[in-house]
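S.K.: One structure is given below, represented as structure tokens, and several questions about it will come after.
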Amino acid sequence: MDPRTETMLNLTRRELLTRGLCAAGAAAIPLAARQATAADRIGALPGVPHHPPKAKRFIYLFMNGGPAQMDLYDYKPEVEKLFDQDLPDEVRKGQRFTTMTSGQKRFPLAPSMFKFEKHGQCDRWVSELLPHTAKVVDELSFIYSVHTNAINHDPAVTYIQTGRELPGWPSMGAWLAYGLGVETENLPNYVVMTPTWTGRKSAQALYSRLWGTGFLPPNLQGVSLRAKGDPVLFINDPPGVDTTMRRKMLDGLAELNQLQFERLGDPETTARIAQYEMAFRMQSSVPELTDLSGEPQHVLDMYGPDVKTPGTFAASCLLARRLAERGVQCIQLFHRGWDQHGNLPNDLRNQCRDVDQATRGLIEDLKQRDMLKDTVIVWGGEFGRTVYCQGTLKRDNYGRDHHPRCFTMWMAGGGIQGGRSIGMTDEFSYNIVEDPVKIADINNTVLHCLGIDNRKLSVKFQGLDARVTGVEECRVLNELL
């Protein structure tokens, strides 16, 4: 998908058309090949999916900022006996620190102040902060030994989204649309939501490149639904412009763009035409999507009291289910505010209150509609947090710094067997002692559930076989399937 190569190919086709050298047949062959796939998808690559998929769609519940694993899922009771003692050097092993704690004279251990209990038939430890998630642990498979390369937010999030720490590469949602095609033409194939949060007020910035296309076709870009106001800018026609007039304007614009494409052969032009058409269709599909008036009360109650407040995590989870019903393939919620360097107990309570019931509601709602079995869900952040305290340590208050060496994520639905787990950390939740799992392994497992062999979904770019899992070797987490 090198744009220069695509342009040359288009120019060549244009020359064939003008000279009449079997142009009709030559132009029809690649189009037919690209559409000769499953009848319910549009524009899939030939031979994709590579194997029978368990999942049709992917929902990522992304806790942006880095949730503290030892306060939520990775129970470490032995640390309670070591309150305010320094982290042993043999545990630290010379790990690099961020500039936020590198100047500290001490690294005192901060045990979690929250109670843990076992839940479900799988006997899974869950913090008191997540009572609703605890009710569905038998649907979840936990990964306690995730690790990452990056120690700061932006490269860590970029790494999860694209398989690289540097910007400019395609996101997972773009890769899925490129390989699998799309199921609906009335909504974007990749939708992103950035719900409001009630924890730490200042949060890390998010950039549209995180759901961008890199060198893949630009019409595969993720579309962000806004938390406030109209879900998409300019979704309504301006005063004095009706649908008929709008249609005529777009038809005229499409003709001009087609002339431009025939003159220059730039694939960006065809993408622009496609996006204008998508925007026109969204003027009717998006208002219907976001109108929750038809949802029965018992469904609204599943997601919690915030579900009727636009832009909340609860409202976004309900929209995620509605998007999934309408054929959207990749849905991602970025819930910000998990970067708790100080005042963690208070902020973490608020963050968990934001997401806990809505997460359970989404899982149970999908399950009752017989959709969980073909929807793979991932929950997690970009890294974990340190067992030692950042700043002043008190029994009832502490902060934690970034920790890329180990953190916890979970997966559910769509080919994932509930109630399983993989990996183990030491008694400090600081180092992995069993079954380390890379970010690429998790992304590869999602691809596998969707019927994709990551070694076969690649594009030649900058001398590499570029993939969403990066160039490193990775595995499918078969233990969870």
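S.K.: Report, in degrees rounded to the nearest 10, the 0 to 90 angle that the Cα long axis of helix 153-162 makes with the longest principal axis of the chain.
M.R.: 50
S.K.: Right, next: Compute the angle between helix 313-325 and the longest alpha-carbon principal axis of the chain, please, reported from 0 to 90 degrees and rounded to the nearest 10.
M.R.: Long axis of 313-325 versus the principal axis of the chain: about 40 degrees.
S.K.: Would you work out if segment 358-481 is rounded, prolate or oblate? Take a ≥ b ≥ c from the square roots of the eigenvalues of the alpha-carbon gyration tensor; rounded if a/c is under 1.5, else prolate when a/b is larger than b/c, oblate otherwise.
M.R.: oblate
S.K.: Moving on to the next point. From the phi of every residue in segment 378-386, what ³J(HN,Hα) in whole Hz does the Karplus formula 6.51 cos²θ - 1.76 cosθ + 1.60 yield, where θ is phi - 60° and glycine or proline is x?
M.R.: Karplus-based 3J(HN,Hα) across segment 378-386 equals 10, 10, x, x, 8, 6, x, 9, 7 Hz.
S.K.: With angles folded into 0 to 90 degrees, how steeply does helix 23-35 sit against the dominant principal axis of the chain? Use alpha carbons for both and round to 10.
M.R.: Approximately 30 degrees, to the nearest ten.
S.K.: Something else now. From the square roots a ≥ b ≥ c of the eigenvalues of the alpha-carbon gyration tensor of segment 60-163, which class results: rounded (a/c under 1.5), prolate (a/b over b/c), or oblate?
M.R.: oblate
S.K.: Among K76/K456; K105/K228; K367/K438; K115/K438; K201/K308, which pairs are too far apart, with a Cα-Cα distance over 32 Å?
M.R.: Result: K76/K456; K105/K228 exceed 32 Å.
S.K.: In terms of Cα to Cα distance under 14 Å, which aspartates and glutamates are near enough to K248, apart from those fewer than 8 places away along the same chain?
M.R.: D237, E277
S.K.: Could I have the simple spin-label model distance between E262 and H298, label points 7 Å from Cα toward Cβ, reported in nm to one decimal?
M.R.: Rounded to a tenth, the inter-label distance reads 5.9 nm.
S.K.: As a check on your grasp of the helix formula, calculate [θ] at 222 nm for the chain: sum -39500 (n - 2.57) over DSSP H runs of n ≥ 4, divide by the residue count, round to the nearest 500.
M.R.: -10500 deg cm²/dmol
S.K.: So, one more: Quick one: what are the phi-derived ³J(HN,Hα) couplings along segment 458-471, Karplus 6.51/-1.76/1.60 with θ = phi - 60°, whole Hz, x for glycine and proline?
M.R.: Along segment 458-471, the couplings run 8, 9, 5, 8, 6, x, 10, 7, 6, 9, 5, 8, x, 9 Hz.
S.K.: Using the Cα gyration tensor of segment 138-229, with a ≥ b ≥ c the square roots of its eigenvalues, what is the shape: rounded (a/c below 1.5), prolate (a/b larger than b/c) or oblate (neither)?
M.R.: Cα axes put segment 138-229 in the rounded bin.
S.K.: Please report the antiparallel percentage of DSSP beta bridges with both residues in the chain, rounded to the nearest 5.
M.R.: 50
S.K.: Collect residues whose amide H, placed 1.01 Å from N in the peptide plane, falls under 5 Å from the amide H of Q85; neighbours closer than 5 in sequence don't count.
M.R.: L109
S.K.: Once phi is turned into θ = phi - 60°, what whole-Hz ³J(HN,Hα) does the Karplus curve with 6.51, -1.76 and 1.60 give for every residue of segment 184-200, x standing for Gly and Pro?
M.R.: 10, 9, 8, 9, x, 6, 9, 10, 10, 10, 10, x, 5, 9, 10, x, 4
Every number in this text was worked out from the coordinates using simple rules, so none of it is lab data. Note that the coordinates shown come from a computational prediction; the quantities given were computed from them, not determined experimentally. Positions of Cβ are generated from backbone atoms using ideal geometry, with glycine treated the same way; all protein chains shown enter the neighbour counts.
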